Amino acid sequence: MKRCLDVVYPNAHCELDFSTPLELLVAVILSAQCTDERVNAVTPALFARYPTAADYAGADRAELEELIRPTGFFRNKATSLMGLGAALVDRHDGEVPGTLDELVKLPGVGRKTANVVLGEAFDVPGITVDTHFGRLVRRWGWTDSEDPVKVEHEVGSLFPRKEWTMLSHRVIFHGRRVCHARKPACGACPLAKDCPSYGAGPTEFDVAAKLVKGAERDHILELVAGS
């Protein structure tokens, strides 16, 4: 299944736009309960207004909340971002630390967020257990754990550490494009022959094909039709 994901999504990547570790950290915090597309629509103005950790620490709350309002839960997120900025200034000279232990001590940062930042900004392998990842690996029988930390460790034990970051991207890509929560596109899924949950969604190719999303849609359907 992992080898199949490698073929289907060779260019899988973090779909949040960023250019620095701080921008990525902020974007991941904003992505909670929000689509990456909506976050990417908000962050250009946000990053221009607050280029440093000190800028978030000293932000005007009302102005910050208004900028991030479209991402939802904007009051809680503003609190996290202001606290994050202050913590980075106080503890790390305004720089984003490059270890899991230091990252998870920051306001608004859990293991999922930390692993995204480590993998993308510091090239440190990590497994990102978001809702898509957890749902798919349980659906595939790679783990039966609901606890994200247990999922991270149990799935991590199945694969070489160097592959963790790209594995996370590819599983998440598949969850967004094919293996949907309510109606997975089973009949148009390249992993169908190996999936213990095959049949959870429509199995007819033409019906399932209509459910496949994303820029990789044609590539995915060609792979399935030719297999």
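Is there a quick way to get the dipole size of the stretch 127-224? I mean about its Cα centre, with the Cβ of Lys and Arg at +1 and of Asp and Glu at -1; what is the value in debye to the nearest 20? Walk me through the numbers before you get to the answer.
On the way: 15 positive and 13 negative charges, 39 e Å.
Roughly 180 debye, rounded to the nearest 20.
Which entries in LYS77/LYS162; LYS2/LYS150; LYS77/LYS183; LYS2/LYS183 show an alpha-carbon gap greater than 28 Å?
Checking Cα-Cα distances, LYS77/LYS162; LYS77/LYS183 exceed 28 Å.
Kindly write out, for the stretch 79-92 in residue order, the coupling ³J(HN,Hα) from the Karplus curve 6.51 cos²θ - 1.76 cosθ + 1.60 (θ = phi - 60°), rounded to whole Hz, with x marking Gly and Pro.
Listing the rounded values in order: 4, 4, 5, 5, x, 4, x, 5, 5, 5, 5, 5, 9, 9 Hz.
Expressed as an acute angle from 0 to 90° and rounded to the nearest 10, what is the orientation of the C-alpha long axis of helix 164-177 relative to the principal long axis of the chain?
So the helix axis and the longest Cα principal axis differ by about 70 degrees.
Counting C-alpha atoms alone, how compact is the chain: give Rg to one decimal and Dmax as a whole number, in angstrom.
18.8, 57
Using alpha-carbon positions, what is the distance between the centroids of the stretch 52-71 and the stretch 83-138, in Å?
The stretch 52-71 and the stretch 83-138 have Cα centres separated by 20 Å.
With a Förster radius of 22 Å, plug the Cβ-Cβ distance of SER19 and ALA215 into 1/(1 + (r/R0)^6) and report the FRET value to the nearest 0.05.
0.50
Put +1 on the Cβ of every Lys and Arg and -1 on every Asp and Glu Cβ in the stretch 19-120; which of THR71, ALA86, ASN40 then has its Cα farthest towards the positive end of the dipole?
The one lying farthest along the dipole's positive direction is THR71.
At 222 nm, what value in deg cm²/dmol follows for the chain if DSSP H runs of at least 4 each add -39500 (n - 2.57) and the sum is divided by all its residues, to the nearest 500?
Value at 222 nm, helices only: -16000 deg cm²/dmol.
For the chain, take the longest principal axis of its alpha carbons; what is the angle in degrees between that and the long axis of helix 217-226, to the nearest 10 within 0 to 90?
Roughly 20 degrees between the two axes.
Treating only the Cβ of Lys, Arg, Asp and Glu as charged (+1, +1, -1, -1), what charge dipole size does the chain show about its Cα centre? Round to the nearest 20 debye.
760
What does the net charge come to around VAL151 if you take all other residues with beta carbon closer than 11 Å to its beta carbon, with K and R at +1 and D and E at -1?
Its environment carries a net charge of -1.
Applying the Karplus parametrisation 6.51 cos²θ - 1.76 cosθ + 1.60 with θ = phi - 60° to the phi angles of the stretch 26-37, what ³J(HN,Hα) value in whole Hz is obtained for each residue in order, glycine and proline being reported as x?
Each residue's phi maps through the Karplus curve to give 5, 4, 5, 4, 5, 6, 4, 6, 8, 6, 4, 4 Hz.
Select from THR143, ALA185, MET166 the residue farthest towards the positive end of the dipole of the chain; place +1 on Cβ of Lys and Arg, -1 on Cβ of Asp and Glu, and compute about the Cα centre.
The residue sitting most towards the positive pole is ALA185.
Evaluate the distance, in nm, between pseudo-label points positioned 7 Å from the Cα of ALA200 and of ARG75 along their respective Cα→Cβ axes.
Taking the simple label geometry, ALA200 and ARG75 are separated by 3.6 nm.
In whole Hz and in residue order, list the ³J(HN,Hα) couplings for the stretch 43-55 that follow from phi through the Karplus curve 6.51 cos²θ - 1.76 cosθ + 1.60, θ = phi - 60°; x for Gly and Pro.
5, x, 5, 5, 5, 5, 6, 10, x, 10, 4, 4, 5
What span do the alpha-carbon atoms of the stretch 19-120 cover on each of the three principal axes, reported in whole Å from largest to smallest?
Extents along the principal axes: 31, 26, 23 Å.
Loop sites only, by DSSP: take the GluC sites (Glu not before Pro) in the chain that have at most 12 other C-beta atoms within 10 Å and name the longest stretch containing none of them.
1-145
Out of every Cα-Cα pair in the stretch 127-224, what percent are more than 20 Å apart?
35
FYI, it's all coordinate maths here, none of it is from the lab. A quick note: this is a predicted structure, and the numbers were derived from the prediction, not measured. Methodologically, a virtual Cβ is constructed for each residue, glycine included, from the backbone with ideal geometry; neighbour enumeration extends over all protein chains shown.
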